1. Cut-off is 10 Å between beta-carbons; in what order do B:206, A:50, C:141 appear when sorted fewest neighbours first?
2. Need one word for chain B: rounded, prolate or oblate. Basis is the Cα gyration tensor (sqrt eigenvalues a ≥ b ≥ c); a/c below 1.5 gives rounded, then a/b vs b/c decides.
3. Just to confirm the number: angle between the C-alpha axis of helix A:135-155 and the first principal axis of chain A, 0 to 90 degrees, nearest 10?
4. By count of other Cβ within 10 Å, fewest leading, how are B:113, B:193 ordered?
5. Counting other beta carbons within 10 Å of each Cβ, put A:310, C:118 in order, fewest first.
6. Along Cα→Cβ, 7 Å out, is where each label goes; now give me the distance between the ones at residue A:15 and residue D:10 in nm to one decimal.
7. Please work out the FRET efficiency for the pair residue B:304 and residue A:191, using the Cβ-Cβ distance as r and a Förster radius of 30 Å; give the result to the nearest 0.05.
8. With contacts defined as alpha carbon pairs under 8 Å and 6 or more residues apart, what's the relative contact order of region D:35-123 in percent?
């Protein structure tokens, strides 16, 4: 990493040029536009230009009832759609004061964690692809397909789930799902060894990721970074532990952290979190309580006047649904706190001084979903 | 009357037996074989990639997709050839032509077997090196004339990379040449009839392999067309057949590089049981397979690392290796 | 350090008329045309251009289980070397000019697949008062095949590719383009 | 269902906030109902002092958003901590449409984007912001989409005491 100050001289104006990475670019996930100012190969300034995927979710929420908005959260962050879906349900339940049966909470945890693994597969393997290794990407996506099969069995959807309902979930889990999840856990535990060999012990991978894009704790605090990106910087902040929601306090799991704060640390945190998610799923399957999967909730919920903020942990960081209700069936205002939005902005702070190739690496290691930023 | 006694037929026979005829016929064979070979290699690449990535690769066009790349070539022939408005039109037009020509010339001195050699040029190795440097110029031409920043970055990277890696490449070759005292590729192969040079010169072999991988812009040194950073690098603006000429050159250069490694280190056509041609091809294609294997396993290295690796690791090592070889052979 | 770079490019998002130049790539000699069609249908290279959710399913079509490489489909990063544009996702106004530019940069013959409900008609995001999106890709570029679903499964995308193959070999696409052109001329 | 139960740190924050900005109205809220522990109500001004105090106590800025109440806006700042005893503070600024609040971008860098987003959707112009322009909507847009007057939003007009 070069210090941008050392290359500062009077002729800089003639030497710098801007490069438009995107909106169509192979390694900007989705339609992201990075305006990079370069001096040769050295990055002087990065300015993300967002909004190419803005679909007006928040305005849409003000035009339909709480139930009608149910499919939307999964389409904001389509990679962890299940988590968003459950999060939105939790926010409305908090607003209305609905108690969720324990079995439903457990099913929510199982499906959310499966979704988290699927999302981390994409996050970690897209990062490897940004470095130019294409094979890990295909391996990871292949393993992810097994998760999609399981979730499809109970939800009927591969990607954009609307499985959660206010007060529970739509379907009970089946015997096939139960057995399949057990088999999947065993399979994935065996596969980690392959990833370790292919990626983590690859000397070029280490050389490319180590000490690249270091996010210090102060920078993280300044920019409101959350999720695996933050835990790679040595802060063990995870909403699942800090503000326990759903059935998470009943499970025993760790929050993996790394002190370095570089791209490698973020990658390792993601891989370690996948193992922790497997642990959670295993415990939840072991102690799955009997009972109903859905509380008695009216067909159309009518929350009282007031507002609430419901935080939960998606695969990318702390998400929050802020809902203001005017006492009618239509939300007065729904605001989504998108973790990618804050995480992406850190790029402007940490990229200068790195090389062009590192921008792609850092961008991949932060793992953003564009429609979640733009909403 | 005996036909051979006719005077003009004698001249024809003399002409047919001459070097010029051999050269023309050889070049025609090259012109026919090289594109087919490239089509085959692209297919092999896609199959290798597929099987490494747990999928079958091309399957539908012909049995196991063997006609896939031919079909691709026909399609590229039928595409519109776009010359963007802001390009430098002449250079843009010339670049893909210039990139292919030296790739064809590179085949001339390569001895596929004792008999199969177009011409055992007395500066064979130098000829290949000299012509392979031309491809850098054409890449620079393509990158410059495209008037696209991605292309330009790719082209500039390519020049720096080729300058850096040509030095260890030549130094590694020098240590072989000191042992054989000849530039003729046929004689270099004959010198290895008992022991292959890879056993005498393992360090030079490794350096040569790495440097040729970098020279031919293959992963993990494919910074010139680094897909995840530069979209397609120097050929971002090229369409249709022009783009496929770059592809042709890339794979042909890969074959030449593998063939040179076979000649210099793996004993060329020497081997038991099979005829020399078969052995030569087996060795060459195995090396190509290794290059593909590396491509689908390793990430790409960064530009500064690439430069550091050439100047701080490869060049010192190859210099020391050359020095030791020279001392052992000439002084002791 | 302050860097005086260019200002971010502000692309006008509205008031773009759907005008495009399209040369139907037809050869007068029937067997050659057949061979070309055969080649075209068997190597449809899509542009890596995913907008939203459908992009994930598009990528899933490329990995081990579905593997579109079987049909000779390999994604290319640059529009100059691609044949098919898969519009995978919602099209916000901000993206309209980008899509048009990308389409113009692709060499003829070029095809467009509208993948997912959003690219067909705006899908779930189309409602009374929507301000952000364009209701369908065919409002800005000519679309050859529509794949419904939210998002469509990778198999559906592969079927979309097979549909486009059928349309090419039967000459429907060229006929459509010519009719389109004639209709526009008449309008003027 | 267990919830995070902050005790001592919450007292500290409340006291120091009262010292810094005495005119603010502080309310304890039930976390299980609202999802935040402390609400700071301000009228028009004082947000920068609150933000600086929160930054000194190593809170991070979760989000900035606004709610349009036709005659006035509520500008909402959410703060949370990375620490073990996590709790959330909401600062709510009542804002008349023509008033331009001060930016907190030099306290929290993240606010540069968050305030741009608020401007983009509500047309609230922050003062001394380094780069206040459209962020998500197109640069040439002439609308502020999340205003209640924009589009065909259905809502009840009787919304005075919605947030009591």
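Every number in this text was worked out from the coordinates using simple rules, so none of it is lab data. Just so you know, these numbers come straight off a predicted model, no measurement behind them. Cβ sites come from the backbone with ideal geometry, for glycine too, and all protein chains shown count toward neighbours.
1. Listing B:206, A:50, C:141 from fewest to most nearby Cβ atoms yields B:206, C:141, A:50.
2. oblate
3. 20 degrees
4. B:193, B:113
5. A:310, C:118
6. Each label point lies 7 Å from its Cα, and together they span 5.7 nm.
7. E(calc), rounded to 0.05, equals 0.35.
8. Computed over region D:35-123, the figure is 35 percent.
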